[in-house]
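Written out below as structure tokens is the structure these notes cover.
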Amino acid sequence: MNPQIRYSEEQALLRGEARRWLDERFPIARVRELAESEAGEDPLDWKQLAGLGWLGLVVPESFGGAQLGATDLAVLMEETGRRLLPSPLLPSTLAALALVTDGSDAQRKRFLPAIAAGEIRAVYAGSASVWGASSADALIVPRGGGLEIVERSSGGLETAPEIVLDRTRRSARVTRNGVALGADAPSDRLAAMACLALAAEMAGGADALLALTCAYAATREQFGKPIGSFQAVKHPLVNVLIGVESLRSLVYAAATAFDANSPDAETLARMAKALACDVYVFAASRAVQLHGGYGFTLDCDAHLYLKRAQASRPAFGDAMAQRRWLADRLPGAAPL
Amino acid sequence: METLRADVRAWIAENHPGEPGFKLPQSALEVADDRQFDWLRDWQRKLYDAGYVGAEWPREYGGRGRERGAQRVIDQELARARAPFLLNLVGLSWAGPVILRYGTEAQKRRLIAPLLRADEIWCQGFSEPGAGSDLASLRAKAVRAGDAFQIDGHKVWTTLGRYADWCILLARTDPDAVKHAGISYFLAPMKIPGVEVLPLVKMTGEGGFNQVIWTDARIPADALLGREGQGWEIATATLQFERGAAEGSAGGSGGGGEQVGRVAALARALARDADPVVRDRLADFWIRETALRANAQRARVAGLLSDRPEALPLMQKLTASELTQALADFACELEGDAAGLWIDDPGAIENADWQRSYMNSFAMTIAGGTSEILRNILGERALGLPKTR
Ligand SMILES: Cc1cc2nc3c(=O)[nH]c(=O)nc-3n(C[C@H](O)[C@H](O)[C@H](O)COP(=O)(O)OP(=O)(O)OC[C@H]3O[C@@H](n4cnc5c(N)ncnc54)[C@H](O)[C@@H]3O)c2cc1C
């Protein structure tokens, strides 16, 4: 397997536009405010996301979307990860992806245009605990190789908000007629796309942490010098750097593989998710540690990311689960 | 490029020299006896004559003038076929590229072609007993004497020094200038009076590097590369090539990055591949190895470098050497009792290749800037952290 990476002018533009908008719309003070709020998000943001075309990013043009590829998705997710976007864009994008990959014609026709326009909020539901469920109109559930769509309007659907570690991303426990909502295993492609999208988001978060911590290390002084000049501070930051850059490379390699229909796409996506779990938690733990006493307080931003990192880890398979999958496919060793 | 790839593949299938019937070193850093040296020199000549060394270098100096990227394809195919490495490492990958960049027309015409064909071997005289990581504190002297410079100094860890015809040599031409400013860079002949080469023995029992004592050695004035006092700048450029942070090698640097398959096969051969701990570790190594190659790929995608342009090129040597070390260590651990056996013991696995690899891997985490120094550089250049003092 020789990872290839492609990246176009259009993707660079998308990144620039996304970064500018997110920086302006989601300064950390507002993220904190939304995290404190009851709903955890602002409905106005959703309207704006629709206006930007992000809700239909992966939706085919024939259904009113932008029909962009996995590489564009990775770029956008990375940028939202930097800002801990407090809005269910990820579960909604996964819902759209699920419809594109595994939905029936009738399901696509009915839901994709409405999702892209921001008229129906659909979220991907792979288990009974669902991101963005409280505000969702429809849940997209993997079932028997295809999808089942559970609409709120059909009645019997209950969503009970969970008390979550990461308050910038809300989830709810979902029951239907009093029974916990179950899901079958998603298709390989869908599982891998979910890994890719989340890994990209996690890469953005880890990268933002690195910048945050470096800025502090360059200015905070002890013993008459900036702490960043001490190797005991500098070297772990470089280890974070190596992790973040390696993760980003794997994310772009996986995305390029998806767009090229390469058979390596799933392997690369799972590698990216595995590395994302380790790198994000490591970056966040170093951020807290290297901010010292301040790092241990609610005032410091590091904990917001630490919580996002910990809460993102289990979704779609943690690092151990991904490595178990990879171990069956090691080069030079046939599966057991 | 795909035609080139196919051509190289076909050529190797026909011309792969196989095993020589005696123990080859694992890399150019360990060449220690004449039999190894002659055999490896023949291999480089054969490759050069086939057009696969110096593929991208200018024709007028003996290169092949091929398009950018050709050497990488060739090196990849050589590595894939597990072809022997190229002997003239210092010449092909470090000295040659800086001569092409900083050399005079006469220097290029005189030096490049013989270097490519391994007719003349190069070594690097940077380190001294008192100047390792702190290279700029070097004390070797070069004093102008008419048409010559007179060299006096003590160099150490000089790879291939015993076989070298030429040395990229750093010496101080201005003792009064501040540390970095007084250093000059020479393309110095080695087979001259006043140059004494003393072999050192590695912990593997192998030779390969040396001390070189320069005593009143006279080298011609045109051995100077660049300007007097420009040595530090050129040394920095050399280190960029040595660390793989700049492309420009004439060949032999395509290897590595495909070790996990070998270790996985070892685990299988030892019936340890069902152990969940072993499987988890192998999968982790596979991720790291793939990420390493993805990093190298990404380093060529301009749009993805903008945030921290320094990071990826600077990371390569550090991450590759540490991964190689960790993998070889893990392979030794997998071997169990056999890990304690050494070359030529009938019970040794793969004739103790992994034990040897593990120990030799320290060459890569120490030479060309230690991992600690590279972390300092990355922290300062890629992350903008304040200087370590
Ligand atoms: C196999 C091999 C081949 C070599 N070939 C050549 C060659 O051909 N030509 C040549 O010129 N040189 C060669 N070298 C020398 C090599 O470049 C030096 O060994 C290296 O730069 C380290 O210098 P040193 O050995 O003096 O160690 P020192 O500089 O004394 O370092 C000792 C330890 O202290 C650490 N250290 C030192 N300073 C710092 C700091 N500021 N911050 C953190 N840690 C620090 C180092 O990382 C290391 O762990 C070779 C070395 C090896 C091992």
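The values are calculated or read from the model by the stated rules, or taken from the named source; none is laboratory data. Here the structure is a predicted model, which is why all the values come from computation and not from measurement. Here the Cβ positions follow ideal geometry from the backbone for every residue, glycine too, while neighbour counts run over all protein chains shown.
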So which residues in segment B:155-196 are farther than 22 Å from B:R110 by Cβ, hydrophobic (A, V, I, L, M, F, W, C) and within 16 Å of the ligand (Cβ to nearest atom), if there are any at all? B:V156, B:W157, B:I183
State whether one or more residues within segment A:184-202 are more than 30 Å from A:E79 (Cα to Cα) and either surrounded by fewer than 23 Cβ atoms within 10 Å (Cβ to Cβ) or among the small types (G, A, S) (or both). yes
Flag if B:E333 is modelled with pLDDT of 95 or more, out of contact with any Leu (no Cβ under 7 Å at 6 or more places or on another chain), acidic (D, E) and within 16 Å of the ligand (Cβ to nearest atom): no
Sort through A:T93, A:T101 and tell me the only one that's of a type in the set (S, T, N, Q), in contact (Cβ under 8 Å) with a residue 24 or more places away in the chain and surrounded by 21 or more Cβ atoms within 10 Å (Cβ to Cβ). A:T93
Within segment A:108-131, can you find the residues that are closer than 16 Å to A:L57 by Cβ and touching a residue at least 24 places away in the same chain (Cβ under 8 Å)? A:R108, A:F111, A:L112, A:P113, A:I115, A:A116, A:A117, A:G118, A:R121, A:A122, A:V123, A:Y124
What do you reckon, is A:I120 crowded, with 16+ Cβ neighbours inside 10 Å, touching an Asp or Glu at 6+ places or on another chain (Cβ under 7 Å) and β-branched (V, I, T)? yes
Of residues in segment B:122-149 being buried (at least 24 other Cβ atoms within 10 Å of the Cβ) and either hydroxyl-bearing (S, T, Y) or away from the ligand (no atom under 12 Å from the Cβ) (or both), the one farthest from the other protein chains (Cβ to nearest Cβ): B:F149
Name the residues in segment B:227-248 that are over 17 Å from B:G369 (Cβ atoms) and either out of contact with any Lys or Arg (no Cβ under 9 Å at 6 or more places or on another chain) or of a type in the set (K, R) (or both), would you? B:R227, B:G229, B:Q230
Criterion first (within 26 Å of B:Q325 (Cα to Cα), among the hydrophobic types (A, V, I, L, M, F, W, C), surrounded by 19 or more Cβ atoms within 10 Å (Cβ to Cβ) and modelled with pLDDT under 95) does B:A296 satisfy it? yes
Of all helices (runs of 4 or more DSSP H) fully inside segment A:255-336, the set with 3 or more residues that are within 15 Å of the chain's Cα centre (by Cα) is A:265-290, A:302-312
Checking B:G261, B:G303 in turn, the sole residue that is in contact with a Gly (Cβ under 9 Å, 6 or more places away or on another chain), of a type outside the set (V, I, T), within 7 Å of chain A (Cβ to nearest Cβ) and surrounded by fewer than 16 Cβ atoms within 10 Å (Cβ to Cβ) turns out to be B:G261
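To keep it simple, each residue is scored yes or no on (1) among the basic types (K, R); (2) in contact (Cβ under 8 Å) with a residue 24 or more places away in the chain.
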site: B:A118; (1), (2): no, yes
site: B:G130; (1), (2): no, no
site: B:S133; (1), (2): no, yes
site: B:K141; (1), (2): yes, yes
site: B:D152; (1), (2): no, yes
site: B:A164; (1), (2): no, yes
Residue list for segment B:338-376, filter: hydrophobic (A, V, I, L, M, F, W, C) and either within 16 Å of the ligand (Cβ to nearest atom) or within 14 Å of chain A (Cβ to nearest Cβ) (or both): B:M359, B:F362, B:A363, B:M364, B:I366, B:A367, B:I373, B:L374
Quick check: anything in segment A:22-43 assigned to a helix (DSSP H, G or I) and more than 24 Å from A:A302 (Cα to Cα)? yes
